[in-house]
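Novice: I have a structure I would like to understand better, so I am pasting it below and will then ask my questions one at a time.
The values are calculated or read from the model by the stated rules, or taken from the named source; none is laboratory data. Since this is a predicted model, take the numbers as computed values, not measurements. Every residue, glycine as well, gets a Cβ built from its backbone with ideal geometry; the counts of neighbours run over all protein chains shown.
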Amino acid sequence: MMLQADASSFDWLGTGQNFALHGFIDDATGILTGLYLCQNECLLGYLEAMQQTLTDYGIPQSTYSDRSSIFFVNPKQEDSLSIQEQLEGREGSLTQFGHIMRRLGVDMIKAYSPQAKGRVERLWGTLQSRLVVEFRLHHIKTLKEANAFLLTFIRRFNEQFAVAPAAAYSAFVPLPHTENLENLLSVVFQRKLCSGSTISIKNIRFRIEQNKFPSGTPVTVLLSEKQGLRALISGAFYPIVPLDPVTHAADVVRTGQLPRATVDLIQRFLLKDNKAA
């Protein structure tokens, strides 16, 4: 069982502004397993759509997507490993999405043309004619309203368009009870604690609300749409508070140490926090 993955940039809300709708669809039956709308195509959108998939259906056998850097590292250098390195069992680097799929035992397959993943490409044509009308009829104008509506829309869509599977049993594997989806489907990166229980992300300082650990302690930072930024230290979570003001997008820029999708998410969190302050 294979899920086709993709995102479509379109004026979904009819406001004159394009947003990116992320989705997963079963290649065999046309069942939509997840949809999530974001400002731009990003890791966050795919993680949120994957969370819907894992919650409602379980773990798929494989995903089929384009060679975006969200899914694969350096797609133009995919043959960089030598034969000897491959025989030694070495593998290319994984993106954060790739690490999550490996942990779940999901194979990731690359599509080399839009035609190769025709099921999901046709889906966007259908949704661009139907979903826009649905949003307008339900007076939906914000991303939050849209994503809440999509949860019920998916069920109605599948009842109308999905094809009955050839076999009665499901090829999805139940998610182990030991897995915490909120933690598993978060963007993760590493830092070390500085004086005053602070960390720095691209010259933006954050304070971790704790008084137990000294400077130099390793910190795992998790970022998700629902939980925001959290610090994981020695198995316990602690809130993170930005100390430096952020007023515009230029305050957070690309960095070689963090994937662009991670930087974009941090930027969104900082700007949202600054507006609320």
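Novice: Can you name the number of the only condition in (1) surrounded by 19 or more Cβ atoms within 10 Å (Cβ to Cβ); (2) assigned to a strand (DSSP E or B) that residue 9 fails?
Specialist: Here residue 9 meets the rest and fails (1).
Novice: From the list 11, 27, which one is under 21 Å from residue 101 (Cα atoms) and among the charged types (D, E, K, R)?
Specialist: Values: 11 fails: under 21 Å from residue 101 (Cα atoms).
Within the list 11, 27, the selection yields 27.
Novice: Name the single residue that is modelled with the lowest pLDDT among those in the range 67-79 being surrounded by fewer than 18 Cβ atoms within 10 Å (Cβ to Cβ) and within 14 Å of residue 97 (Cβ to Cβ).
Specialist: In this case the residue turns out to be 75.
Novice: Moving on. Which count do you get for residues in the range 128-144 that are part of a helix (DSSP H, G or I) and either farther than 30 Å from residue 179 by Cβ or among the small types (Gly, Ala, Ser) (or both)?
Specialist: Narrowing the range 128-144 to residues part of a helix (DSSP H, G or I): 128-137, 143-144.
Add one more test, that the residue is either farther than 30 Å from residue 179 by Cβ or among the small types (Gly, Ala, Ser) (or both), and what stays is 128-137.
The number of residues fulfilling the criteria is 10.
Novice: Please specify each residue of the range 197-229 satisfying the condition of being touching a Pro at 6+ places or on another chain (Cβ under 8 Å) and either without any contact (Cβ under 8 Å) to a residue 12 or more places away in the chain or of a type in the set (Val, Ile, Thr) (or both).
Specialist: Of everything in the range 197-229, those that are touching a Pro at 6+ places or on another chain (Cβ under 8 Å) and either without any contact (Cβ under 8 Å) to a residue 12 or more places away in the chain or of a type in the set (Val, Ile, Thr) (or both) turn out to be 204, 208.
Novice: Also, I was wondering about something else. If I ask for residues that are touching a residue at least 40 places away in the same chain (Cβ under 8 Å) and either under 27 Å from residue 15 (Cα atoms) or among the small types (Gly, Ala, Ser) (or both), which ones from the range 117-134 would you list?
Specialist: 120, 121, 123, 124, 127, 128, 131, 132
Novice: Considering the range 128-147 alone, what residues qualify as being within 15 Å of residue 35 (Cα to Cα) and surrounded by 12 or more Cβ atoms within 10 Å (Cβ to Cβ)?
Specialist: Taking the range 128-147 and keeping what is within 15 Å of residue 35 (Cα to Cα), we get 128, 130-132, 134-135, 143-147.
Result: 128, 130, 131, 132, 134, 135, 143, 145, 146, 147.
To keep it simple, each residue is scored yes or no on (1) assigned by TED's automatic domain parsing to the domain that holds residue 41; (2) in a helix (DSSP H, G or I); (3) at pLDDT 95 or above; (4) surrounded by 13 or more Cβ atoms within 10 Å (Cβ to Cβ).
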| residue | (1), (2), (3), (4) |
| --- | --- |
| 81 | yes, no, no, yes |
| 86 | yes, yes, no, no |
| 103 | yes, yes, no, no |
| 109 | yes, no, no, yes |
| 120 | yes, yes, no, yes |
| 126 | yes, yes, no, no |
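Novice: Out of 46, 64, report the one residue that is surrounded by 13 or more Cβ atoms within 10 Å (Cβ to Cβ), of a type in the set (Ser, Thr, Tyr), modelled with pLDDT under 95 and part of a strand (DSSP E or B).
Specialist: Numbers: 46 fails: part of a strand (DSSP E or B).
Just a single option satisfies the conditions, and that option is 64.
Novice: State the number of residues belonging to the range 144-196 that are in contact (Cβ under 8 Å) with a residue 24 or more places away in the chain, of a type in the set (A, V, I, L, M, F, W, C) and more than 30 Å from residue 130 (Cα to Cα).
Specialist: Residues in the range 144-196 being in contact (Cβ under 8 Å) with a residue 24 or more places away in the chain, of a type in the set (A, V, I, L, M, F, W, C) and more than 30 Å from residue 130 (Cα to Cα): 8 in total.
Novice: Considering the range 13-38 alone, what residues qualify as being in contact (Cβ under 8 Å) with a residue 60 or more places away in the chain, in a loop (DSSP other than H, G, I, E, B) and either among the polar types (S, T, N, Q) or buried (at least 23 other Cβ atoms within 10 Å of the Cβ) (or both)?
Specialist: Scanning the range 13-38 gives 15, 29.
Novice: State which residue is farthest from the chain's Cα centre (by Cα) when the search covers only the range 180-209 and only residues that are surrounded by 16 or more Cβ atoms within 10 Å (Cβ to Cβ) and in a loop (DSSP other than H, G, I, E, B).
Specialist: Result: 197.
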